[in-house]
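Student: Questions regarding the structure given below will be posed in turn.
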Amino acid sequence: MIDHVNQLGAEAARLGPLPVGTDVAVWALDTRLAVIGGRKADGAEALLDTGERERAARLLRDSHRRSYLASHLGLRLLLGGYLGLAPQEVVLVRETCPCCGGPHGRPAVAGGALHFSLSHSDDVAYFAFAGVPVGVDVEAVPGAEAVEDVLSTLHPAETAELTALAGADRAAGMARVWSRKEACLKATGTGLAQGLVEPYVGSADAPAPVPGWSLRDLSAPAGYAAALALLDA
């Protein structure tokens, strides 16, 4: 587990230098904040692009919409800070999908000056920025029913490991597996298109090695698990 997770709060973020190479910066956000990075959360829509506003409008639950808007406001504030741009000036695009070649791969900044990844779960959002492909994921510890729904879709070794656990230990293990796996899938840009079997990430306290990637657990609030995947140099 690594603990250098910066907190994006109500004040403007104090950013370090633009991450280059395998340097990585990770930030976390409580999406319930009324002010984020010096900006009112209620005004987030004005700083987002058309696609982001349309996706937010399609969310039926107020809590989901609030979390989406807050996390994307945070993303634009951080990206803009690193790139020397106003948040509304950051142009977001999609890379080519590695599975089908379509225009729906990893989210990216136009021009490719910085790689980033965003994840949000319930009231928490995580952001990662690096000079190489990166994926970050945060997951709330799931309930027993959600664990059972996903258990058989994982790598057989992960299914066996989790089945051997009981109650809260199984739920916490599932959160670790899910956050690690999602971090890897976001970093590669494949998403869930090829299922959840690969890569094998394990459910133990430390993640299993993933060839070509540095996979690490991140410190997270109680009731959550978080992980980071970074392309090896």
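Student: Search segment 118-136 for residues being open to solvent by 10 Å² or more (accessible area, probe 1.4 Å) and outside any loop (DSSP other than H, G, I, E, B), and hand back the single one that is farthest from HIS64 (Cα to Cα). It would help to see each step written out before you state the result.
Tutor: Start the filter on segment 118-136 by keeping residues that are open to solvent by 10 Å² or more (accessible area, probe 1.4 Å), which leaves 118, 120-124, 131-133.
Now narrow it down to the ones that are outside any loop (DSSP other than H, G, I, E, B): 118, 120-121, 124.
Values: LEU118: 15, HIS120: 10, SER121: 9, VAL124: 11 Å.
In this case the residue turns out to be LEU118.
Student: Given the criteria surrounded by fewer than 20 Cβ atoms within 10 Å (Cβ to Cβ) and in contact with a His (Cβ under 8 Å, 6 or more places away or on another chain), does GLY101 qualify?
Tutor: Working: surrounded by fewer than 20 Cβ atoms within 10 Å (Cβ to Cβ): yes; in contact with a His (Cβ under 8 Å, 6 or more places away or on another chain): no.
Taking the combined requirement at face value, the residue does not satisfy it.
Student: Ok, one more. Mind checking which pairs have a first residue in segment 151-173 that is modelled with pLDDT of 95 or more and outside any helix (DSSP H, G or I) and a second that is open to solvent by 30 Å² or more (accessible area, probe 1.4 Å) and of a type in the set (Lys, Arg), Cβ under 9 Å, 6 or more apart or different chains?
Tutor: From segment 151-173, the pairs are ALA164/ARG170.
Student: A further question follows. So GLU182 clears everything in (1) under 29 Å from GLY111 (Cβ atoms); (2) touching a helix residue (DSSP H, G or I) at 6+ places or on another chain (Cβ under 7 Å); (3) touching a residue at least 60 places away in the same chain (Cβ under 8 Å) except one condition, right? Which one?
Tutor: Result: GLU182 passes all but (2).
Student: Output the residue which, of all residues in segment 40-61 that are of a type in the set (D, E, K, R) and either open to solvent by less than 20 Å² (accessible area, probe 1.4 Å) or touching a residue at least 12 places away in the same chain (Cβ under 8 Å) (or both), is nearest to GLY80 (Cα to Cα).
Tutor: At the first step, the residues of segment 40-61 found to be of a type in the set (D, E, K, R) are 40, 42, 45, 49, 52-55, 58, 61.
After this cut, where a residue has to be either open to solvent by less than 20 Å² (accessible area, probe 1.4 Å) or touching a residue at least 12 places away in the same chain (Cβ under 8 Å) (or both) as well, the list is 45, 49, 52, 55.
Values: GLU45: 16, ASP49: 14, GLU52: 16, ARG55: 21 Å.
Here the residue is ASP49.
Student: Looking at the structure I just gave you, is GLU198 surrounded by 13 or more Cβ atoms within 10 Å (Cβ to Cβ), of a type outside the set (Phe, Trp, Tyr) and in contact with a His (Cβ under 8 Å, 6 or more places away or on another chain)?
Tutor: Yes, satisfied.
Student: Any idea which of (1) part of a helix (DSSP H, G or I); (2) farther than 27 Å from ARG216 by Cα; (3) modelled with pLDDT of 95 or more is the one HIS72 doesn't satisfy?
Tutor: Against the list (1) part of a helix (DSSP H, G or I); (2) farther than 27 Å from ARG216 by Cα; (3) modelled with pLDDT of 95 or more, HIS72 comes up short only on (2).
The values are calculated or read from the model by the stated rules, or taken from the named source; none is laboratory data. Treat the numbers as computed from the prediction; the structure is a model and nothing was measured. So basically every Cβ, Gly included, is an ideal-geometry build from the backbone, and we count neighbours across all protein chains shown. Note: areas computed on protein heavy atoms with side chains; ligands, DNA, RNA excluded. Shrake-Rupley method; radii C 1.70, N 1.55, O 1.52, S 1.80 Å.
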